[in-house]
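The values are calculated or read from the model by the stated rules, or taken from the named source; none is laboratory data. This is a predicted model, so every value here is computed, not measured. Cβ coordinates were reconstructed from backbone atoms using ideal geometry, including for glycine residues, and neighbour counts include every protein chain displayed. The accessibility values were calculated without ligands, DNA or RNA, using every heavy atom of the protein model including side chains. Shrake-Rupley method; radii C 1.70, N 1.55, O 1.52, S 1.80 Å.
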Amino acid sequence: MDIWIFFKLIGSLALLMYGMKSMSESLQKMAGSQLRHVLQAMTTNRFTGMLTGVFVTAAVQSSTATTVMTVSFVNAGLLTLAQAISVIMGANIGTTLTAWIMSAGFSFNITDFVYPAFFMALLLIYNKKRKNVGDFLFGISFMFLGLGTLRQTGIDMHIGENQAVLNFFSSFDSTSFVTTLVFLFIGGILTMCVQSSAAVMAITMILCSSGVLPIYQGIALVMGENIGTTVTSNIAAFTANTQARRAAFGHMFFNLFGICWILLVFRPFIDLVCGFVGYDVTMTKESVEHSVFLANAAKLSFVLAAFHTCFNLANTFILIWFIPQIEKIVCRCIKSKKLDEEEDFRLRFIPAGLMETPELSVFEAQKEIKSFAERMQRMFGMVRELLVEKDEAKFAKQFSRIEKYENIADNMEIEIATYLDQVSENHLSDETKIKIRAMLREITEIESIGDSCYNIARTISRKVQGKQEHFTEKQYRHMHQIMELTEQALTQMNVLMAGRKGSFDINCTFNIENEINNFRDQLRSLNVNDVNNHEYSYGIGTIYMDIVNECEKLGDYVVNVVEARMGTKYREA
């Protein structure tokens, strides 16, 4: 093979993969939030869930994106695992649209039409309101340019006349079941290596259309692609949370089951699809004229796309009735990890290694920050319990838990910030860039809440270790009052983190902050009087006011989180 043709081949594959990635990302930027709302609202039963999966995946051209969104909703408790499995079934059908687009690109020379699209994309990309549309046009243009170049490269290679290639494929017995398994295995390995089922599908289309690869082996490669994709996602989900691993395993189970039953009716099913497309399976190069043979072979790209669609439709039709049983199998195979929450340093929503697009990554990070904020409120609850704990052993155990939470807070801040930094390196919309800046501020302030909680705990511990006198009943009452106000502020913050900005009354948070400030000022004056009146010592008064002041600081951090999320600025009177 000429070295230039080889580079043209791998270059066109790279163009194809880049075009598909760019197109998918720009579609998600244009309709990401709306698609998430659709996914959440339209999964009332298994059938609407399946149709939603088809619609969302066809719209964003990425089954991975649909799966990531689905798993996110399962983690958040908005979808059950059974609903998620139905959506993933639909995603498998929706992703077959890609094969049809590719078969259209192989049936005629599409490259002549992409250059005007490139020009239009260039004009739109400099318009802020139409930038995402321009990105989409660039993506689809690159994809079709890659397909067109790939098609022409296949023709230039004259694979159908290459005796070495012909001899290689003819060495396999096309009627043998073992041959089918071999090509199925090759398809899976290739997909795992190149990390793109679309690229392997394109190579399969070239080989089949040139008449080198018989349709039965070509379809075996396509079946292998389905397995290769799910193996990759399962490996990626291995270090992720339980629900992510269950969803990935459910996807693999769906495809493996389909492969098993299709192998039982392999040839009749393919002959049925070929008849539907109008491809003559019995035609050989020797039995007809060369032009007639090539015309028949040109239909093979449509046969592959039709098989991909029919296979996923049939598989979904069979399995959709058994979703509860599939859920039980998945849960039995992937058991939840029973870890004590204090020991669990892993992030819940940001997956390790899963391929995600930037817009979806921001959505994942938002839920992780919500979980971070809830964890800090639990930490404050531990501090309140520590204040009244009299038993030394229980006190030491509770203080140790608070220390662990402090370490968790530090780790979460670093991990989420690192994740957001990686996301921000991608091509993002202006709105998403602003959102990431706000999120970075949120995690800094939430970590500061953890610091304040730990400071209060250390102050209480210092009093206990120093064997100092007990707080007076009045001091306990005042500390409980300011802590209750601080708890209310944390609750309001978490209401905002869990809900929508439009329905949140920010004045409630500001009013609580005013109450905390005013109460702190009252207690400061009262403390001076009580020390002068010898109601308690100066030392215990200092510890008392340290706790009060730290609660007030914590309230300030809460306001800063609310401001960052709402995009507003609070001015103290």
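Brief remarks follow.
- Test: Gly32 is part of a helix (DSSP H, G or I), open to solvent by less than 40 Å² (accessible area, probe 1.4 Å) and either in contact with a Lys or Arg (Cβ under 6 Å, 6 or more places away or on another chain) or modelled with pLDDT of 70 or more (or both): no
- Among (1) at pLDDT 80 or above; (2) of a type outside the set (Gly, Ala, Ser); (3) assigned to a helix (DSSP H, G or I) - the single one Lys390 does not satisfy: (3)
- Taking first residues from the stretch 5-23 that are under 19 Å from Leu97 (Cβ atoms) and partners that are open to solvent by less than 50 Å² (accessible area, probe 1.4 Å) and not in a helix (DSSP H, G or I), the Cβ contacts under 7 Å between residues at least 6 apart in sequence or on separate chains come to Met17/Ser196; Met20/Gln61; Met23/Gln61.
- Put simply, of Leu386, Leu420 the only residue that is more than 25 Å from His478 (Cβ to Cβ), open to solvent by less than 30 Å² (accessible area, probe 1.4 Å) and touching a helix residue (DSSP H, G or I) at 6+ places or on another chain (Cβ under 8 Å) is Leu420.
- Condition met for Asp556 (closer than 26 Å to Thr444 by Cβ, open to solvent by 80 Å² or more (accessible area, probe 1.4 Å) and within 49 Å of the chain's Cα centre (by Cα)): no
- Qualifying position, being open to solvent by less than 50 Å² (accessible area, probe 1.4 Å), in a helix (DSSP H, G or I) and over 12 Å from Met376 (Cα atoms), among Tyr454, Tyr476: Tyr476
- Listed conditions (1) at pLDDT below 85; (2) out of contact with any helix residue (DSSP H, G or I) (no Cβ under 8 Å at 6 or more places or on another chain) are all met by Cys260, apart from (1).
- In the stretch 360-367 there is no residue matching the filter, namely being touching a residue at least 60 places away in the same chain (Cβ under 8 Å) and farther than 26 Å from Arg500 by Cβ.
- Filter pass, Arg500 being open to solvent by 60 Å² or more (accessible area, probe 1.4 Å) and not acidic (Asp, Glu): yes
- Restricting attention to the stretch 479-512, the residues that are more than 26 Å from Ile540 (Cα to Cα) and either outside any loop (DSSP other than H, G, I, E, B) or touching a residue at least 60 places away in the same chain (Cβ under 8 Å) (or both) add up to 22.
- Checked against (1) touching a residue at least 12 places away in the same chain (Cβ under 8 Å); (2) exposed (fewer than 13 other Cβ atoms within 10 Å of the Cβ); (3) in contact with a helix residue (DSSP H, G or I) (Cβ under 6 Å, 6 or more places away or on another chain), Ile543 passes all but condition (2).
- Among residues of the stretch 169-190 being in a loop (DSSP other than H, G, I, E, B) and touching a residue at least 40 places away in the same chain (Cβ under 8 Å), the one that is surrounded by the fewest Cβ atoms within 10 Å (Cβ to Cβ) is Ser174.
- Contact annotation: residue pairs with Cβ atoms under 8 Å, 6 or more positions apart or on different chains, pairing a residue in the stretch 520-532 that is open to solvent by 70 Å² or more (accessible area, probe 1.4 Å) with a partner that is of a type in the set (A, V, I, L, M), are Arg524/Met545; Arg524/Val548.
- Residues of the stretch 249-280 that are more than 13 Å from Phe311 (Cβ to Cβ) and touching a residue at least 60 places away in the same chain (Cβ under 8 Å): Phe249, Gly250, His251, Phe253, Tyr279.
- Residue match in the stretch 465-472 (condition: in a helix (DSSP H, G or I), aromatic (Phe, Trp, Tyr) and either in contact (Cβ under 8 Å) with a residue 12 or more places away in the chain or open to solvent by 60 Å² or more (accessible area, probe 1.4 Å) (or both)): no
- Here is the figure for the stretch 561-573: residues that are surrounded by fewer than 18 Cβ atoms within 10 Å (Cβ to Cβ) and in contact with a helix residue (DSSP H, G or I) (Cβ under 9 Å, 6 or more places away or on another chain) total 7.
- A search for C-beta distances below 9 Å between a residue of the stretch 34-60 that is closer than 14 Å to Thr96 by Cα and any residue that is modelled with pLDDT of 75 or more and not in a helix (DSSP H, G or I), counting only pairs 6+ apart in sequence or on different chains, returns Thr57/Thr95; Ala58/Thr95.
- Looking across Gly381, Gly353, one residue alone is in a loop (DSSP other than H, G, I, E, B) and either at pLDDT below 90 or open to solvent by 10 Å² or more (accessible area, probe 1.4 Å) (or both). It is Gly353.
- Residue that is surrounded by the most Cβ atoms within 10 Å (Cβ to Cβ) [pool: residues in the stretch 423-448 that are assigned to a helix (DSSP H, G or I) and of a type in the set (Gly, Ala, Ser)]: Ser448
- Within the stretch 315-332, residues that are acidic (Asp, Glu) have Cβ atoms under 6 Å from residues that are assigned to a helix (DSSP H, G or I) in these pairs: Glu327/Leu81; Glu327/Ala82, counting only partners at least 6 apart in sequence or on another chain.
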